[in-house]
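Student: Pasting a structure below so you can have a look.
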Amino acid sequence: MPEDTKKTFPKDFLWGASTSAHQVEGGNHNDWTVWERAYAAELAKSAASRLSHIPLWPEIKTRAQDPDNYISGRGVEHYKRFEEDFDIAKNLNFNAFRFGIEWSRIEPEEGQWDQEALDHYRRYIEQLKKRGLEPVVNLWHYSLPVWFAKKGGFKHRKNLRYFDRYVGLIAKEYGHLLTHVITINEPNVYATFGYLTRERLTVQWPPQEKNAVSFGRVYWNLTQAHRRAYKILKAAHPKLQVGIADQLANIQAKRPHNQLDELTTKSMRYFWNWWFLQRIRKEQDFVGFNYYFTDYYTKLGQLQNPKLPLNDLGWYMEPEGLYPLLLRVWARYKRPIIVAENGVADAHDQYRRWWIEETIVAMERAISEGVDVRGYFHWSLLDNFEWAYGWWPKFGLVAVDRENGMKRTVRASAKWFGEKIGKIS
Ligand code: FCB
């Protein structure tokens, strides 16, 4: 890495990885675990029709056709082994860590706080700080307490008071220990997969409603949930930096200068990237977003991406697409930016190092042009439960062998990343 890179990244730049509670903790009981049990057999049975087009299919088909793949179960036992995982993060030269609090653990029954869970997350935050890892907490990452899901979750505006109450408790318990809070992860993805996606071949998540009106309500209510959470957190601790982690794509016209492609691109950008951020623009101290995709659009909304390179999930990879996205986010909001997630499903660790290297260059370029990028969190620290895909996709900087005592092995790309951070921070 050239000497200049060292000068580019601010001294207090947050370098870290990201996790979410349900994907790693193990032993959860929430609307996702209920859904997993109900749909595991069906997901296994339909795996070939959904996934046989992806390059890794021959290698993963046994696992993808096994119902067990779709059960989060013991997770990777991060709930028990978090200190060991923080040691690994520290050894990778990280100075920050993004993680989720599982609402269903804190409030397993309506209005009943679980003291053991509250103590657990306090210890968790303290252990991060003890190692010099800045805790960046995420309050809600898709999974809901069963009682809240039964009431209709975020579909009903009147249910927002339950989220308010949970946020208030978190502010009271941990606010003084924190500097950064992310309220909600990827509202656009959650509302789409849970309430809109229809085709058999695309992903569906609980509660699988497939109803455009419900989708609209959930999406709108999540804007309100964030705005209210922002106010609650700031009233309790004015110094807290509060934002969300939206999923933003680098959306481009397949045929530049073609009017139809440009129009499609503009509308896709507006609806996918900006609609939510626009509604919460006054209630965010930083713009947090997750970057995985560059998408080329043509004609009336047709996605037409290059065929290669693809990650294990068949997602087209263009890591440098982070650069134009950072520029556009900065131009629109002029707020500090945190890349809250970014990574690749790559079981053989053949792309990850390249991906991270291109990503660092993309951030470096943007920073050199005055964009205020404050942090980068790689997805993910550990191999984890990838929602409706289950266990086979491998996003971890650290491999986890669930068949052999949950053994952690740091991947070569992670070692490289850790050394790089050591040199530039
Ligand atoms: C993001 C999610 C995260 C993980 C990655 C691969 O959309 O926020 O939980 O599933 O994708």
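The values are calculated or read from the model by the stated rules, or taken from the named source; none is laboratory data. Keep in mind that this is a model prediction, so the values were computed, not measured. Note: ideal-geometry Cβ built from the backbone for every residue, glycine included; neighbour counts use all protein chains shown.
Student: Restricting attention to the range 171-210, report how many residues are closer than 24 Å to Ala249 by Cα and part of a helix (DSSP H, G or I).
Tutor: Filtering the range 171-210 for residues closer than 24 Å to Ala249 by Cα gives 180-206, 208, 210.
With part of a helix (DSSP H, G or I) added as a condition, the list becomes 187-195.
The number of residues fulfilling the criteria is 9.
Student: I would also like to ask the following. When you scan the range 262-272, do you find a residue that is outside any helix (DSSP H, G or I) and more than 20 Å from the chain's Cα centre (by Cα), even just one?
Tutor: Among the residues of the range 262-272, not one is outside any helix (DSSP H, G or I) and more than 20 Å from the chain's Cα centre (by Cα), which makes the answer no.
Student: I've got another one for you. Considering only residues that are part of a helix (DSSP H, G or I) and within 16 Å of the ligand (Cβ to nearest atom), which ones fall in the range 369-412?
Tutor: Matches in the range 369-412: Trp387, Ala388, Tyr389.
Student: Show the residue pairs that are 6+ apart or on different chains and have beta-carbon atoms under 9 Å apart, the first residue being within the range 130-152 and within 12 Å of Ala96 (Cα to Cα) and in contact (Cβ under 8 Å) with a residue 24 or more places away in the chain, the second being of a type in the set (Lys, Arg) and buried (at least 19 other Cβ atoms within 10 Å of the Cβ).
Tutor: The qualifying pairs are Pro135/Arg98; Val136/Arg98; Val137/Arg98.
Student: Now, a different point. Under 7 Å between Cβ atoms, which residue pairs at least 6 apart in sequence (or on different chains) link something in the range 291-318 that is surrounded by fewer than 16 Cβ atoms within 10 Å (Cβ to Cβ) with a partner that is of a type in the set (A, V, I, L, M) and modelled with pLDDT under 95?
Tutor: Sorted first by the residue in the range 291-318, then by its partner, the pairs are Gly314/Ile54.
Student: If you don't mind, there's one more thing I want to ask. Just wondering, is there one or more residues in the range 78-92 that are within 22 Å of the chain's Cα centre (by Cα), within 18 Å of Lys394 (Cα to Cα), in contact (Cβ under 8 Å) with a residue 12 or more places away in the chain and within 16 Å of the ligand (Cβ to nearest atom)?
Tutor: Yes: one or more hits.
Student: Please identify the pairs in which a residue from the range 365-387 that is of a type in the set (S, T, N, Q) has its Cβ atom under 7 Å from the Cβ atom of a residue that is more than 16 Å from the ligand (Cβ to nearest atom) and at pLDDT below 95, counting only partners at least 6 apart or on another chain.
Tutor: Taking only residues 6 or more apart or on different chains, the pairs are Ser368/Thr8.
Student: Among the residues of the range 110-161, what is the count of those that are exposed (fewer than 14 other Cβ atoms within 10 Å of the Cβ) and assigned to a loop (DSSP other than H, G, I, E, B)?
Tutor: Going through the range 110-161 one residue at a time, the tally reaches 4.
Student: Taking the range 23-37 as the search range and keeping residues that are within 12 Å of the ligand (Cβ to nearest atom) and either of a type in the set (Val, Ile, Thr) or surrounded by 24 or more Cβ atoms within 10 Å (Cβ to Cβ) (or both), which one is farthest from the chain's Cα centre (by Cα)?
Tutor: Restricting to residues being within 12 Å of the ligand (Cβ to nearest atom) and either of a type in the set (Val, Ile, Thr) or surrounded by 24 or more Cβ atoms within 10 Å (Cβ to Cβ) (or both), the top hit is Val24.
Student: Sticking with this one: What are the residues in the range 211-256 that are touching a Pro at 6+ places or on another chain (Cβ under 7 Å) and assigned to a helix (DSSP H, G or I), if any?
Tutor: Once the filter is applied, which keeps residues that are touching a Pro at 6+ places or on another chain (Cβ under 7 Å) and assigned to a helix (DSSP H, G or I), the range 211-256 yields Tyr219, Leu222.
Student: Here is a follow-up. Which residue out of Gly405, Gly396 is surrounded by fewer than 20 Cβ atoms within 10 Å (Cβ to Cβ), small (Gly, Ala, Ser) and free of Cβ contacts under 8 Å to residues at least 24 places away in the same chain?
Tutor: Of the residues listed, the single one that is surrounded by fewer than 20 Cβ atoms within 10 Å (Cβ to Cβ), small (Gly, Ala, Ser) and free of Cβ contacts under 8 Å to residues at least 24 places away in the same chain is Gly405.
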